[in-house]
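The values are calculated or read from the model by the stated rules, or taken from the named source; none is laboratory data. Computed from a predicted structure; not experimentally measured. Glycine also receives a Cβ, built like all others from the backbone with ideal geometry; neighbour counts cover every protein chain displayed.
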Amino acid sequence: MERPMNPEVVGTSRPPAAWGFGHVGAGLVVGMLATVVVMGIAAAVLGADAAEDPSLAVGALVQGALYLGLVGVPVWLVMFRGVRWSDFGWLGSGPRRRVLDACQGLAIGVFAQLVAVPALYAPILLFTDELDVSGPARELVDQANGLGIALLVLMVVVMAPITEELFFRGLALRAMEARMPRRLALAASALLFGLTHFQLLQLPALVMIGLVCGWLAQRDKRLGRAVWTHVGFNATTTFILLLG
């Protein structure tokens, strides 16, 4: 006699049999190994300082190397394992739906950055006034001038939301949903998203936006609003620092 299925798992979008935690791990490992290779090449060509304090151009190359894994695994699944882009939540929609996704997602992302993040860190600020959550973003912005600004916007506002939502909410979250209750999968995917940025101070904010984008992906069963929310979240800090 078969055991009854967990009611929280019934009705969720289950990935194909070949799509599981191993593919999530492979994407992260390939991406991180690629970044190490790129940093090694940069250090060999430009000197050790290029690795210790990378320029915006080197940073863009490192980010692109990371995306070899994050995007490479979904592409491999589509090309060789019969997975469809819609299985990741990358669904086509009409013009009206796309506009609504953009407007709602951007509003959620801006609100999260301007209201939710300060509220999240408010208890810590009661004990210290030296908290600089925007430090890493400020370091990038300080390097940007001329074409560097366009490169920065491309990296942070365009490429990061698309790539990270595809991997963390399209691939990882759906793999977790197939193997654990939805709420646990949401929390686990958000924590994974935060930890893989390797920024301890920013971890609470990263997990928070991971929860928001993951909840939207679960609710909508597609990635549209989650991507735009991520865009709004990243763009808010980027443009405030550029204009500051």
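Observations on the model:
- Residue in the stretch 156-168 that is hydroxyl-bearing (Ser, Thr, Tyr), surrounded by 12 or more Cβ atoms within 10 Å (Cβ to Cβ) and under 22 Å from LEU70 (Cβ atoms) present: yes
- Counting the residues of the stretch 154-180 that are of a type in the set (Lys, Arg) and in a helix (DSSP H, G or I) gives 2.
- Looking at ALA185, ALA122, just one residue is in a helix (DSSP H, G or I) and modelled with pLDDT under 90, and that residue is ALA122.
- Within the stretch 1-93, helices (runs of 4 or more DSSP H) holding 1 or more residues that are closer than 26 Å to VAL141 by Cα, within 22 Å of the chain's Cα centre (by Cα) and at pLDDT 95 or above: 21-46, 56-80
- Test: residue in the stretch 88-104 that is out of contact with any helix residue (DSSP H, G or I) (no Cβ under 9 Å at 6 or more places or on another chain) and of a type in the set (Lys, Arg): yes
- Residue satisfying condition, being surrounded by 18 or more Cβ atoms within 10 Å (Cβ to Cβ) and touching a residue at least 24 places away in the same chain (Cβ under 8 Å), within set ILE108, ILE149: ILE108
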